[in-house]
Amino acid sequence: MDLLTTLVDKGLRREPPTRAEALAVLGTSDDELLDVVAAAGKVRRRWFGRRVKLNYLVNLKSGLCPEDCTYCSQRLGSEAGILKYTWLKPEEAAETARAGVAGGAKRVCLVASGRGPTDRDVERVAETIAAVKSGNEGVEVCACFGLLSDGQAERLREAGADAYNHNLNTSEGTYGDICTTHDFSDRVETVRQAQAAGLSPCSGLIAGMGESDGDLVDVVFALRELDVDSVPVNFLIPFEGTPLGEDWNLTPQRALRILAMVRFVHPDAEVRLAGGREIHLRTLQPLALHLANSLFLGDYLTSEGQEGKADLDMIADAGFEVEGAGTATLPDHRRETVAVRRRGAGTELPPNA
């Protein structure tokens with residue numbers, strides 16, 4: 001296909017597709033699926049080889065969220081049968097993190113429900129970050145606590161956080177259909193605050209909420225415009241007791257096409273298999289490793305993931321390898337961008353330095 005040849009050539013040059021080309025990827029047939037995966041796999045291998053980065057999620061505070069995001073089991077008014085608890089103590093979080101690191105995870109994602117942290121919450125989290133890092137040498141910490149207020153991103157960076165996650169989830173045009181208690185611009189602003197503070201920006205999407213192909217392309221290009229380093233691709237987990245509890249709109253083939261489109265738009269960024277991969281990709285999960293270079297190990301916020309050993313076996317059987325703690329995830333040019341953010345504007349290295 002001329003389309004795929006063009007997309008591979010662009011991806012190897014770090015050039016994004018046009019919007020029409022991205023839409024065309026989503027419009028390919030099941031008969032063309034393996035060709036699409038093979039093409040996007042060439043781009044993935046150019047920038048990340050056959051490495052798979054493992055991430056581990058620690059849920060510090062569960063449930064009781066005042067926001068009304070329709071996809072979320074922790075939302076205001078949710079009737080989903082989930083655990084609800086307040087903040088884990090720093091030593092409890094560190095102990096949980098150690099299990100993930102022992103399984104091969106090099107990044108620990110600390111997550112808490114709610115609209116956003118108070119300044120007291122940020123101080124509490126600072127203690128947790130210190131505890132996690134002291135017990136797990138070399139581990140990366142990504143914080144995910146909702147919308148940030150002025151100065152909070154800087155405080156998290158000072159506390160030792162390496163990255164901040166805040167997903168855009170869906171397109172700006174359809175955001176009001178899934179949430180009314182905050183809007184798309186609030187999420188964009190939090191990603192920008194994290195980036196400005198020197199945190200590596202991590203932001204992604206949720207597919208399967210009834211969105212159109214155009215919505216998917218719009219949100220993926222919005223993430224490209226924000227220049228995020230990591231793009232988690234979540235597939236809706238329909239929780240009973242939530243407004244989207246009956247929405248099963250994905251097939252394994254569509255999930256793979258979505259991942260391929262994300263890879264073509266973000267050729268040199270970390271693309272992560274996130275929530276819902278097990279129930280939507282099912283037996284085609286190994287093919288997704290040719291598109292994504294990162295995945296969550298173990299459970300998610302309020303749902304169980306695949307057994308860790310099964311993930312490790314899948315990676316090995318598919319001919320990939322777990323990325324070691326001493327190996328940098330991002331390509332050199334993108335790592336330099338992260339370093340400049342940390343040092344501050346005006347610290348760019350001269351050409352050919």
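What follows draws every value from the coordinates through simple rules; no lab data is involved. None of the values given here were measured: they were computed from a predicted structure. A quick note on method: Cβ atoms are made from the backbone with ideal geometry, for glycine too, and the neighbour counts reach across all protein chains shown.
Tell me, please, whether a residue that is closer than 15 Å to Asn169 by Cβ, buried (at least 21 other Cβ atoms within 10 Å of the Cβ) and touching a helix residue (DSSP H, G or I) at 6+ places or on another chain (Cβ under 9 Å) can be found in the range 247-265.
Yes.
Could you list, in sequence order, all residues of the range 200-217 that are buried (at least 21 other Cβ atoms within 10 Å of the Cβ) and free of Cβ contacts under 8 Å to residues at least 60 places away in the same chain?
Pro201, Ser203, Leu205, Ala207, Glu211
Every residue in the range 102-121 that is surrounded by fewer than 21 Cβ atoms within 10 Å (Cβ to Cβ) and not acidic (Asp, Glu), please. Lay out the reasoning, then the answer.
From the range 102-121, those surrounded by fewer than 21 Cβ atoms within 10 Å (Cβ to Cβ) are 102-104, 111, 114-116, 118-121; that's our starting set.
Across the range 102-121, the qualifying residues are Ala102, Gly103, Gly104, Val111, Gly114, Arg115, Gly116, Thr118, Arg120.
Report the residue count in the range 122-170 for those that are among the polar types (S, T, N, Q) and under 10 Å from Cys109 (Cα atoms). Lay out the reasoning, then the answer.
Filtering the range 122-170 for residues among the polar types (S, T, N, Q) gives 128, 134, 136, 149, 152, 165, 167, 169-170.
Narrowing further to those that are under 10 Å from Cys109 (Cα atoms): 165.
Going through the range 122-170 one residue at a time, the tally reaches 1.
What number of residues within the range 146-191 satisfy the criterion of being of a type in the set (Gly, Ala, Ser) and outside any helix (DSSP H, G or I)? Before the answer, list the steps.
We begin by selecting, within the range 146-191, every residue of a type in the set (Gly, Ala, Ser); these are 146, 149, 151, 153, 159-161, 163, 171, 173, 176, 185.
With outside any helix (DSSP H, G or I) added as a condition, the list becomes 146, 149, 151, 160-161, 163, 171, 173.
The qualifying residues number 8.
So Val25 fits all but one of (1) surrounded by fewer than 18 Cβ atoms within 10 Å (Cβ to Cβ); (2) touching a Pro at 6+ places or on another chain (Cβ under 9 Å); (3) β-branched (Val, Ile, Thr); what number is the exception?
(1)
Looking at the range 236-265 only, could you name the residues that are without any contact (Cβ under 8 Å) to a residue 60 or more places away in the chain and touching a strand residue (DSSP E or B) at 6+ places or on another chain (Cβ under 7 Å)?
Of everything in the range 236-265, those that are without any contact (Cβ under 8 Å) to a residue 60 or more places away in the chain and touching a strand residue (DSSP E or B) at 6+ places or on another chain (Cβ under 7 Å) turn out to be Leu250, Ala255, Val262.
Could you tell me whether Val58 is of a type outside the set (Asp, Glu), under 23 Å from Gly214 (Cα atoms) and crowded, with 18+ Cβ neighbours inside 10 Å? Talk me through it step by step, then tell me what you get.
On the way: of a type outside the set (Asp, Glu): yes; under 23 Å from Gly214 (Cα atoms): no; crowded, with 18+ Cβ neighbours inside 10 Å: yes.
No; evaluated as a whole, the condition is false for this residue.
Is at least one residue of the range 147-164 aromatic (Phe, Trp, Tyr) and surrounded by fewer than 17 Cβ atoms within 10 Å (Cβ to Cβ)? Walk me through it before giving the result.
Within the range 147-164, the first condition is being aromatic (Phe, Trp, Tyr), and the residues that meet it are 164.
Still in the list and also surrounded by fewer than 17 Cβ atoms within 10 Å (Cβ to Cβ): none.
There is no residue in the range 147-164 that is aromatic (Phe, Trp, Tyr) and surrounded by fewer than 17 Cβ atoms within 10 Å (Cβ to Cβ).
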